[in-house]
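Take a look at the structure below.
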2 protein chains.
Amino acid sequence: MQAVKVFNNNAVSVVMPDGREAILVGNGLGFGRRPGDVIDKSRVSKVYYVQNELQTKFLKMLDNVTPQVMQAAERISLAAEEQGILLSSKSTISLVDHISFALERVEKGTFLPNLVLSETRMLYPKEYAVGQRALELVRQFCGVQLPEDEAGYIALHLVAGAADGALAYDTVKFVKAVKEIICDTYHCTFEEESLETTRLTVHLKFLAARILRHTPWQDAGLESMYTVLLQRDSRNEVCLQRINAYLRQEFDYELDHQEQVYLLIHLTKIVR
Amino acid sequence: MQAVKVFNNNAVSVVMPDGREAILVGNGLGFGRRPGDVIDKSRVSKVYYVQNELQTKFLKMLDNVTPQVMQAAERISLAAEEQGILLSSKSTISLVDHISFALERVEKGTFLPNLVLSETRMLYPKEYAVGQRALELVRQFCGVQLPEDEAGYIALHLVAGAADGALAYDTVKFVKAVKEIICDTYHCTFEEESLETTRLTVHLKFLAARILRHTPWQDAGLESMYTVLLQRDSRNEVCLQRINAYLRQEFDYELDHQEQVYLLIHLTKIVR
């Protein structure tokens with residue numbers, strides 16, 4: 001580093017290798033130096049950085065973040081990477097924020113139930129596994145056992161921090177296609193914000209999760225419902241045939257009677 | 001601020017009002033000053049703060065964060081507050097991180113589908129509303145329209161950043177109680193990680209959402225299923241009576257036949 005200004009024998013302003021302005025302080029490091037002279041790094045005892053308003057705001061927020069939390073967050077990012085979840089460097093900040101908040105909650109004895117925990121576990125298994133590993137790492141570095149609900153929040157952090165969602169595409173594609181078949185067959189439209197549409201959408205996502213992971217059901221307990229539901233509306237059979245045709249073509253899968261029962265139950269709430 | 005060390009006429013080290021060590025630089029601000037003397041603020045042109053390793057790491061990660069994103073995040077925190085969602089100051093960091101990431105995705109043309117979007121909208125309506133307001137604020141400050149999926153992610157950020165989850169407690173209590181009645185009636189246990197249990201849990205949460213918000217169903221399309229399902233297992237009627245008794249007592253609510261059909265359908269997958 002070269003001196004920009006020499007204040008006195010012990011203080012010199014420089015431009016750091018990363019381009020940031022700083023003042024270096026240390027015994028004698030400015031002695032006999034002039035602008036442009038190289039500064040002896042070994043003499044530096046403190047580095048002062050120029051800080052803009054934005055940076056100051058940030059650091060103020062991070063006042064209580066401990067190095068342990070930082071370490072845990074870095075290890076979690078690493079664990080995510082090992083699972084093929086590529087995060088930006090910024091995601092570590094989110095993790096730090098999240099962990100220190102979770103620790104605060106444990107400290108205060110408040111509990112934050114995670115209402116989308118089961119869905120997260122089912123729909124993002126890879127991220128959820130990292131979330132569970134995160135609880136271990138936090139226990140190891142910070143000495144605190146966080147509740148399982150936090151594994152879900154951390155998993156969603158990883159989901160939101162991913163560069164793109166290739167894995168989720170198939171699910172979205174699936175849900176969209178099946179909904180189009182339904183609309184087309186029954187000449188209906190979906191009120192996206194209604195409870196019924198949400199339930200159908202949730203159902204279809206879970207169905208997609210099962211199909212994409214090739215875990216069909218074996219149970220036959222709902223067989224008796226099948227005929228009853230099928231006969232309720234003449235369009236039901238057409239709709240199921242079209243959905244099955246789509247699934248065969250795209251996913252090499254066919255709904256069994258069980259699954260058709262579920263789907264028809266959800267449809268009765270939407271189709272009139 | 002009082003001078004700690006006077007380097008020369010233009011540079012003085014001080015302790016800032018917030019307790020942080022800094023070097024102030026400005027024309028003549030050190031002239032004739034000694035340690036303990038008050039420094040004339042109006043002469044300060046630059047402030048250099050001492051920075052530890054942790055802070056340096058943080059600021060490095062935030063290299064690309066623009067003031068616009070910061071402003072948007074602050075306004076979103078404010079919008080959350082207006083909705084009674086109290087966040088820690090740290091949550092703004094998470095928001096900044098999240099927004100700048102979302103902007104990056106839009107810029108690169110990658111899309112990150114949110115698989116828990118519909119659940120988030122249903123289960124956390126207040127947070128979701130702020131998420132939608134957030135999209136407006138981002139458009140206003142950063143000039144970019146983020147997709148609806150991001151409203152869901154932001155809502156979950158707000159959920160995870162809340163001091164406690166009082167609103168979610170009732171839902172969790174409800175799900176737990178109903179599951180206990182089921183286990184007790186059928187002498188069964190739940191495999192928490194199985195797809196079937198997850199689906200039942202999701203169902204119960206949605207049921208809770210409806211009950212807690214007093215929005216009963218009106219449709220009677222599944223009436224024909226009711227008798228068939230009830231007769232499949234003699235314990236079904238007992239279980240439904242017990243659940244209804246609990247709901248009457250705790251929530252002044254009673255399941256109609258429709259809702260009982262749904263519940264029984266889910267139960268057939270779990271109870272043998």
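The values are calculated or read from the model by the stated rules, or taken from the named source; none is laboratory data. Just so it is clear, the model here is predicted, and its values are computed rather than measured. Here the Cβ is made from the backbone with ideal geometry for all residues, glycine too, and neighbour counts use every protein chain on show. These area figures cover heavy atoms from the full protein model, side chains too; ligands, DNA and RNA do not enter into them. Shrake-Rupley method; radii C 1.70, N 1.55, O 1.52, S 1.80 Å.
Here the accessible area of segment B:177-272 is 48 percent carbon and sulfur, with a 1.4 angstrom probe and all protein chains present. Listed by chain and number, the aspartates and glutamates placed with their C-alpha closer than 12 angstrom to that of B:K205 are A:E119, B:E119, B:D170; residues fewer than eight positions away on the same chain are left out. Chain A against chain B buries an accessible area of about 9600 Å², both chains summed, 1.4 Å probe radius. Rounded to the nearest 10 degrees, the angle from helix B:125-142 to the longest Cα principal axis of chain B is 40 degrees. Just to verify a number: FRET efficiency for B:M16 and B:E82, C-beta to C-beta distance, R0 = 35 Å, to 0.05? E between B:M16 and B:E82, to the nearest 0.05, is 0.65.
Per residue, the accessible area of chain B comes to 44 Å², computed with a 1.4 Å probe over protein heavy atoms only. Residues within the reach of a label modelled at A:K41 (point 7 angstrom out along Cα to beta-carbon, backbone nitrogen below 18 Å), restricted to segment A:5-30, are A:12-27, A:29-30. Starting from the label point of A:Q71 at 7 Å along Cα→Cβ, the same points in the other copies fall at 4.1 nm, in ascending order. Given points 7 Å out from each Cα along the Cα-Cβ axis, report the A:V144 to B:C183 separation in nanometres with one decimal. So the label points at A:V144 and B:C183 sit 2.8 nm apart.
Distances between equivalent label points of A:Q145 across the copies, with each point positioned 7 Å along Cα→Cβ, amount to 5.0 nm, shortest listed first. Between B:T66 and B:K176, full extension at 0.36 nm per residue minus the direct alpha carbon distance yields a gain of 35.1 nm.
When Lys and Arg each count +1 and Asp and Glu each count -1, what net charge do the other residues less than 10 Å away from A:F174, Cβ to Cβ, add up to? Overall, the nearby charge balance is +2. Annotation for B:P125, label-to-label distances across the other copies: 3.5 nm (shortest first, one decimal, point 7 Å from Cα along Cα→Cβ). Summary value for segment A:67-160: 37 percent relative contact order, contacts being C-alpha pairs under 8 angstrom separated by 6+ residues. Can you check what the net charge comes to around A:Y226, using other residues whose Cβ is under 12 Å from the Cβ of A:Y226 (Lys, Arg +1; Asp, Glu -1)? My count for the surroundings of A:Y226 gives -3.
How high is the relative contact order of chain B? Use alpha-carbon pairs under 8 Å, at least six apart in sequence, and give a whole percent.
12
The angle separating the long axis of helix B:148-160 from the principal Cα axis of greatest extent in chain B is about 80 degrees. Taking each DSSP H run with n ≥ 4 as -39500 (n - 2.57) and averaging over every residue of chain B yields -19000 deg cm²/dmol at 222 nm. Going by alpha carbons, how many degrees (0 to 90, nearest 10) lie between the helix axis of B:166-186 and the longest principal axis of chain B? Value to nearest ten degrees: 30.
Across the options A:V65, A:Q51, A:L95, the greatest Cα extent toward the positive end of the charge dipole of segment A:45-148 (unit charges at beta carbon of Lys, Arg, Asp, Glu) belongs to A:Q51. Computed from the C-beta positions of A:Q2 and A:E193 and an R0 of 60 Å, the FRET efficiency is 0.45 to the nearest 0.05. Taking 0.36 nm per residue of separation and subtracting the current Cα-Cα distance, fully stretching the chain between B:N52 and B:V228 would add 56.4 nm.
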